[in-house]
1. Between Glu93, Glu126, Glu88, Glu139, which is more than 14 Å from Phe56 (Cβ to Cβ), charged (D, E, K, R), modelled with pLDDT of 80 or more and more than 10 Å from the chain's Cα centre (by Cα)?
2. Considering every residue within the stretch 22-45, establish whether at least one is open to solvent by 80 Å² or more (accessible area, probe 1.4 Å) and modelled with pLDDT of 85 or more.
Amino acid sequence: MRGNSNHRQIDEVFRLIDEEVEWILADIRVDIITAVMPKQRVPDWPDVESLLLSSFLDALRKRSRAIKYRTQVWICEVTHNDESNGQEAVTTEMFLTNPRVKVKLWDDGVLWFYVRDFRARVWLFEFSFYVQISPGQCEQIVQTIEDSFTPVCIRESSELTKQHLLSLWQQFSPFEIDYGRA
């Protein structure tokens, strides 16, 4: 029994190391992107097949002028065969002054909202959840993403920020809430 416990602990340590390396590489990616394209704050809009994803991208396009002024870098990518479930998905990352907001929407209507703040190799804040949406809700979703920028950037405390974000998103019934770090 003890051997299995040690193996699980070792596996968990390697998983955490992999996660940290992934975030460090992501931060390096942001630094490179910021250096190479410092003025590109509106993403190139990818083509999608799904009606829901198309509606979501249209809603983002409509608000792009307002969003671009609140972001340093804004990336939008499409995965046509997502590794987790084989579906088409849109991932958009918005790098605010320091916090990062990442939203992934699959063509079945599941949306993942994730925010984190990691400075000088210290986790300051991390929070994520899922919601289920329909094509008619895309403009509301984009507005809620935009409304989430303020509590993310101006945090009184991590707990208050998480509560504020959940209250903004409550109309979409968040589930699988991960309170993360801090």
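The values are calculated or read from the model by the stated rules, or taken from the named source; none is laboratory data. As the structure is a computational prediction, the values presented were derived from the model and not from experiment. With ideal geometry, Cβ positions are generated from the backbone for all residues, glycine too; neighbour counts draw on all protein chains shown. These area figures cover heavy atoms from the full protein model, side chains too; ligands, DNA and RNA do not enter into them. Shrake-Rupley method; radii C 1.70, N 1.55, O 1.52, S 1.80 Å.
1. When all the criteria are applied, what remains is Glu126.
2. Scanning the stretch 22-45 turns up no residue that is open to solvent by 80 Å² or more (accessible area, probe 1.4 Å) and modelled with pLDDT of 85 or more.
Residues are listed down the side, and each one gets a yes or a no for (1) farther than 22 Å from Ala89 by Cα; (2) in contact with a Cys (Cβ under 8 Å, 6 or more places away or on another chain); (3) buried (at least 18 other Cβ atoms within 10 Å of the Cβ):
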| site | (1), (2), (3) |
| --- | --- |
| Gln137 | no, no, yes |
| Asp147 | yes, no, no |
| Leu160 | yes, no, no |
| Leu165 | yes, no, yes |
| Phe172 | no, no, yes |
